[in-house]
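Down below is the structure, laid out as structure tokens.
Nothing in this text is a laboratory measurement; each read-out follows from the coordinates by a stated rule. These numbers were taken from a predicted model, which means no experiment stands behind them. All Cβ positions, even for glycine, are placed from backbone atoms using ideal geometry, and neighbour counts span all protein chains on display.
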Amino acid sequence: MSERVILAAGAKPQPPRKVVDRQVELTAALRCQAYAAYSELMGSPHDIDPQAGCAAKVGLGESLPHATGLDALLAEVRDADLARLRREYSGLFEVGSDGPPVPVREDLQTGQRGSTREEIVRFYEFFGYELSERFAWAPDHLSVELEFMHYLCFREAEQESSRTACQLAQLDFSRRHLARWIPRLRQATEEQAPGSLYARIVASLDDFVTGDLAWQQATVVEDDEPGGSTSTARDAT
């Protein structure tokens, strides 16, 4: 992640870092698809039709050791009645006299009004990730955050000039956001609707993000060599 963005978010700058043993050609595209799959699973079925995208991704989980259970969930959503998906999603994440029973937005789930959204938007803007008007009102929606990770993985695979910055951004965004609030979402979803389809999706997502974060951390080390690939703003330009 860029030091400029981290400083803007109020955090201490990190020492220079570099990425090692990443095997981009084997991992980036698969992780890109996995984040896209979870984004579709967590998107509102009132806004998107998740079934076509899920159908195309069945089999992906076999290639990622920390995506256990993904294929079964993709197949279940693919074969489900769309009206049922909309009803269950709304009842859990959208409808409620005092707000949704389980907020699926980071800002609402964590209670950090304002600063959370601002930091997320800075991530998006720095890396050129543009939200459509339809989704710009909720940059902290879980589906949008997962789509951003998909975008960073895609750039890692396709753009060698900004590869290191995108790799480090994935790690920082996971640590500062996804890995911090998805466990809370998992607990709340399981308490509200134990055993439900969306409770199982969130549980699978939590396991995936935890496993993927551990994998990322194993590939990032402090850079002790002058001129190495580090987390500076120039990497993202």
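Considering only S132, S44, S143, the Gaussian network model of the chain with Cα springs below 10 Å gives its largest mean-square fluctuation to S132.
Taken about its Cα centre, the chain carries a charge dipole of about 320 debye when Lys and Arg each add +1 at the Cβ and Asp and Glu each add -1 at the Cβ. Connecting C-alpha atoms closer than 10 Å in a GNM of the chain, tell me which of F127, F93, F135 has the biggest fluctuation. Evaluated over the chain, the most mobile residue of the options is F135.
Against the chain, whose longest principal axis is taken from its Cα atoms, helix 179-192 shows a tilt of about 10°.
Projecting the Cα positions of L108, G211, L171 onto the charge dipole of the stretch 3-236 (unit charges on Cβ atoms of Lys, Arg, Asp and Glu, taken about the Cα centre) puts L108 furthest along the positive direction.
The residue list Y35, A188, G53 was ranked by how far each Cα lies along the charge dipole of the stretch 3-236 toward its positive end, using unit charges on Cβ atoms, and A188 comes out on top.
Applying a 4.7 Å Cβ-Cβ cutoff to the chain leaves C54, C166 as cysteine residues with no disulfide-compatible partner.
Largest mean-square fluctuation among E156, E145, E130, in a Gaussian network model of the chain whose springs join Cα atoms under 10 Å apart, belongs to E130. Working note: 222 nm ellipticity from helices only, DSSP H runs with n ≥ 4, each -39,500 (n - 2.57), summed and divided by the residues of the chain, gives -17500 deg cm²/dmol to the nearest 500. Against the chain, whose longest principal axis is taken from its Cα atoms, helix 70-79 shows a tilt of about 40°. Seen against the Cα atoms of the chain and their longest principal axis, helix 163-173 is set at about 50 degrees.
Under a 5 Å amide H cut-off, with hydrogens placed 1.01 Å from N, R17 pairs with D223, S231 among residues at least 5 apart or on other chains.
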